[in-house]
Amino acid sequence: MARVCMLALAAVLLMIFACVSRSDGQKDRGAPRIPAQFSEEELVGMKEALKGAIQIPTVSFSHEESNTTALTEFGEYIRKVFPKVFSTSFVQHEVVGQYSHLLTVQGSDPSLQPYMLLAHFDVVPAPEDGWEVPPFSGLERDGFIHGRGTLDNKNSVMAILQALELLLIRNYIPQRSFFISLGHDEEVSGMNGALKISALLQARGVKLAFLVDEGSFILDGFIPSLKKPFAMVSVSEKGALDLLLKVNMTPGHSSAPPKETSIGILSAAVSRLEKTPMPNMFGSGPLKMTIKQLANEVNVIPSMAQATINFRIHPAQTVHEVLELVKNIVADDRVQLHVLRAFDPPPVSPSDDQAFGYQLLRQTIQSIFPEINIVAPGISIANTDSRHYTNLTTGVYLFNPICLQPQDFRSIHGLNEKISIQAYETQVKFIFELIQNADTYKTSVPHQHEL
Ligand SMILES: *[C@@H]1O[C@H](CO)[C@@H](O)[C@H](O)[C@H]1NC(C)=O
Ligand SMILES: *[C@@H]1O[C@H](CO)[C@@H](O)[C@H](O)[C@H]1NC(C)=O
């Protein structure tokens, strides 16, 4: 997931916490179920496959630069470790945007609306400094697999393919079609991967019942008063606005400083923004300030000073509204505002009793994690590839079936990212069940009393 902020997560959690759903009945179409039981050999194969994936340094360095050798290698790797997925007649494979992968699993019942499972295999850079084990080693230690991408998000890429592989080996034929979309540039916007896959599917007239992407977890210890972990399924994510503030003045010498300098004017504007209480809606979001390129010459007062501000936009706000607010707070014509990048938060997906994707996730969470009795809709702080798919579906759900504690959360984009082998096996099992549940789940009919 792109850019994570811990503090804001806590704030959002508190906000959504009032809104809690509980389990009720589920209906079955009576299709034979394949139990999520794997042999010792399969379990070993599973973790070895993940280690191999971690060892390929698929780093997105910037919008312009990624390790394309590794991206290509990763494509070859998944073909090699999941031979059944890539040779089954009803699974179609396409490479999109040079490195991303789209799999279309053709179900036996064309009347059922398809869904999509999403993940990405690019990772943020990981300089070795501070890591307990080299970040691209995929080393196993104390029941954990270590390395960049073990939580964000090769675990999902591998678990989705692994679950499908295991289902296909057991001769499973899905009734409901589904897509698997594996992006190669999520960490740097998804413009070449997810966006292109989305455009391709839109051109084909595809509509999805729902999609599931990374973005939130089972959270343990994030809310001090809550003793038990709970599952947060995000139903929206924040928008973003990168704004450049710029002040141009006549250059001067520091021996004869003018009354007001470009730096002074800019600093005052930034300070006003920092001090002004934001409306509640986006006050919960981090207001991260990066003052770039201030004075860099010794005795010359720079004619130009600039600062870049990154705003996160709450689903109740728009880019336009935030911009208006900033203009009013800055209130100085000498400070020019340039929008570098902006997108509105996506619409909030339904989480009511009739919301198929949400209920399906809830049902699967409760069967795989019987100890979790709270499933709550939330808002993801981070941005994911899913925002490129909003034209295809109104049901966008962000959930990774992994239990995280605050220190695990910090490892995402940070040091010592790792996943326990048991957690990874559970993730595979979750998807194995989710795919089957998508075939058998029926929304519950209203209860009727008999006389
Ligand atoms: C890019 O990936 C290849 C393996 O696919 C690796 O050998 C190489 O060191 C990587 N380059 C960088 C700059 O990380
Ligand atoms: C969604 O559809 C609209 C209208 O066809 C189009 O302009 C827009 O680019 C699409 N957005 C995405 C993210 O595909």
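The values are calculated or read from the model by the stated rules, or taken from the named source; none is laboratory data. Small disclaimer: the values here were computed from a predicted structure and weren't measured. Neighbour counts are summed over all protein chains in view; Cβ atoms, including those assigned to glycine, are modelled from backbone coordinates with ideal geometry. Only protein heavy atoms, including side chains, enter the accessible area calculation; ligands, DNA and RNA are left aside. Shrake-Rupley method; radii C 1.70, N 1.55, O 1.52, S 1.80 Å.
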Q.
Among 303-310, 143-150, 33-40, how do they line up by average Cβ neighbours within 10 Å per residue, starting with the highest?
A. 143-150, 303-310, 33-40
Q. Taking H as built 1.01 Å from N, whose amide H comes closer than 5 Å to the amide H of F90, not counting residues under 5 places away?
A. none
Q.
Just to verify a number: what accessible area does E140 come out at with the full protein assembly present, 1.4 Å probe, Å² rounded to tens?
A. 80 Å²
Q. Ranked highest first by average number of other Cβ atoms within 10 Å, how do 76-89, 162-175, 378-391, 47-60 line up?
A. 378-391, 47-60, 162-175, 76-89
Q: Give the cross-link partners of K84 among the aspartates and glutamates, using a straight C-alpha distance below 15 Å as the criterion and excluding same-chain residues fewer than 8 apart.
A: E42, E76, E165
Q. Given C-alpha coordinates of the range 343-451, what is the ratio Rg to Rh with the Kirkwood estimate of Rh?
A. 1.01
(Q) Longer than 26 Å from Cα to Cα, which of K80/K429; K47/K238; K228/K418; K227/K418; K51/K196 are they? Say none if no pair is. (A) K47/K238; K51/K196
